[in-house]
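Encoded as structure tokens, the structure appears first; notes follow it.
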Amino acid sequence: MTPAARLTRDDVLHVAHLARLALSDAEVDEFTRQLEVILEHADDVAALDITDVEPTAHPLPLLNVLRSDVVRPGVDRAEVLANAPDPIDDRFRVPRILGDS
């Protein structure tokens, strides 16, 4: 990071204020040092020549493996409803969750 762009305690205090964080003096000093290291690393990454690097969403060449849709018979309605505790009119009875409207 260039000396002019150096992170200051005031910068950390400003961000802490925006995030509504109450930081002690020790925390401000610690976070200032930690954020400086992070920003220096970001500068290092930004300085890399990536003109011949293809954009990727994942570092490994993964493909979604999907099975084909195959139509097949479903389960018989009467068989399914036979397992329901209290069916009504060929449907599942469920508890009322909304009041009368």
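Just so it is clear, none of the values below were taken in a lab; they were calculated from the coordinates. Here the structure is a predicted model, which is why all the values come from computation and not from measurement. Cβ placement follows ideal geometry from the backbone for every residue including glycine, while neighbour counts extend to all protein chains displayed.
To the nearest ten degrees, helix 25-46 and the longest principal axis of the Cα atoms of the chain are 80 degrees apart.
3J(HN,Hα) along region 48-58: 5, 8, 10, 4, 9, 9, 6, x, 9, 9, 8 Hz, from the Karplus curve 6.51 cos²θ - 1.76 cosθ + 1.60 with θ = phi - 60°, whole Hz, x for Gly and Pro. Between the beta carbons of Val37 and Leu13, assuming R0 = 22 Å, the FRET efficiency works out to 0.75 to the nearest 0.05. Helix 9-18 axis versus longest C-alpha principal axis of the chain: approximately 30°, rounded to the nearest ten. Phi angles of region 65-82 translate, via the Karplus equation with coefficients 6.51, -1.76, 1.60 and θ = phi - 60°, into HN-Hα couplings of 9, 10, 7, 6, 6, 10, 6, 9, x, x, 7, 4, 4, 5, 5, 5, 5, 5 Hz per residue; Gly and Pro are given as x.
A value for Kirkwood radius over Cα pairs in Å was derived from the coordinates, and within the list [x] 21.5; [y] 13.7; [z] 14.4 it appears as [x]. The local environment of Glu27, defined by Cβ-Cβ distances under 12 Å, has a net charge of -1 under the rule Lys, Arg +1 and Asp, Glu -1.
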